[in-house]
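As structure tokens, the structure follows; a few thoughts come after it.
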């Protein structure tokens, strides 16, 4: 345990000891397993991610297994989680790791060099796999930081506040505690301030929760997503699933994404296809049809 804790830090750690969620990725220090969890959690809720994380690691337990598998296999395992670019990034990362010796690095700059690994994910791997002194800032922690300061924060300000607040020597417990505090108490809507270990030092609570909420629009704090039904995101998923089954010709696009008969449907469907091509999820075969990248369409 770290020494010379502030009263606030000790309260957070004490609260976390009794409220910590039992999540499967918290039972491992394997860097690959932690990385997969953090990438999956970027856009997937905890409850949905838990069984899928277990299944993904059963199929791709190491970077070697992941790198050796065709992208189509990863996309199949990722199906239904949304944002399949994350699976592509994991695949590229596994390949890069294997090409450089097969060891996941424990340096921030090296982790940030991998595709799809941003400041939060890199620091999460450091804190949760290597137990290094790294402060993580996701949407839950971002809310706490902004409300504690009583103002919106830039990304740099939020990271600086997190770095200064970090309990060095107890990075794993501290960061997990803040993630739970944000998820269970300092929620986006209807925060539960009674019993919160930060309440007495939280500027927003001390002000009487005046509006606007300082977390609204603050760095790292997520905003409500646009409607999914009928969106390009939904169309991307439909096209990707169909391409996993068989090649898709240009004239089939509108039907595949279920936009047939809509205004400008072909143009919009082609834009969806182009986005998947740019992301490296699809490619064109010799006949110009869309297929999963790296798949044998013969």
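Every number here is computed from the coordinates shown, using simple stated rules; none is lab data. Everything numeric here is computed off the predicted structure, so don't read it as measured data. Ideal geometry is used to build each Cβ from the backbone, glycine not excepted, and the neighbour counts take in all protein chains shown.
Data overview
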{"item": "Test result for residue 153, more than 30 Å from residue 22 (Cβ to Cβ), touching a residue at least 40 places away in the same chain (Cβ under 8 Å) and crowded, with 16+ Cβ neighbours inside 10 Å", "result": "yes"}
{"item": "Residues satisfying the stated conditions in the range 35-55, i.e. within 10 Å of the chain's Cα centre (by Cα) and closer than 25 Å to residue 110 by Cβ", "result": "35, 36, 37, 38, 39, 40, 41, 42, 43"}
{"item": "Unique residue being more than 22 Å from residue 87 (Cα to Cα), touching a strand residue (DSSP E or B) at 6+ places or on another chain (Cβ under 9 Å) and buried (at least 17 other Cβ atoms within 10 Å of the Cβ) when the list is 253, 239", "result": "253"}
{"item": "Meets criteria (part of a loop (DSSP other than H, G, I, E, B), free of Cβ contacts under 8 Å to residues at least 60 places away in the same chain and surrounded by 13 or more Cβ atoms within 10 Å (Cβ to Cβ)) for residue 188", "result": "yes"}
{"item": "Qualifying residue in the range 234-257 (condition: over 30 Å from residue 70 (Cα atoms), outside any helix (DSSP H, G or I) and in contact with a helix residue (DSSP H, G or I) (Cβ under 8 Å, 6 or more places away or on another chain))", "result": "no"}
{"item": "Residue 214 vs. criteria assigned to a loop (DSSP other than H, G, I, E, B), in contact with a helix residue (DSSP H, G or I) (Cβ under 6 Å, 6 or more places away or on another chain) and under 18 Å from residue 15 (Cα atoms)", "result": "no"}
{"item": "Filter pass, residue 14 being surrounded by fewer than 18 Cβ atoms within 10 Å (Cβ to Cβ) and free of Cβ contacts under 8 Å to residues at least 12 places away in the same chain", "result": "no"}
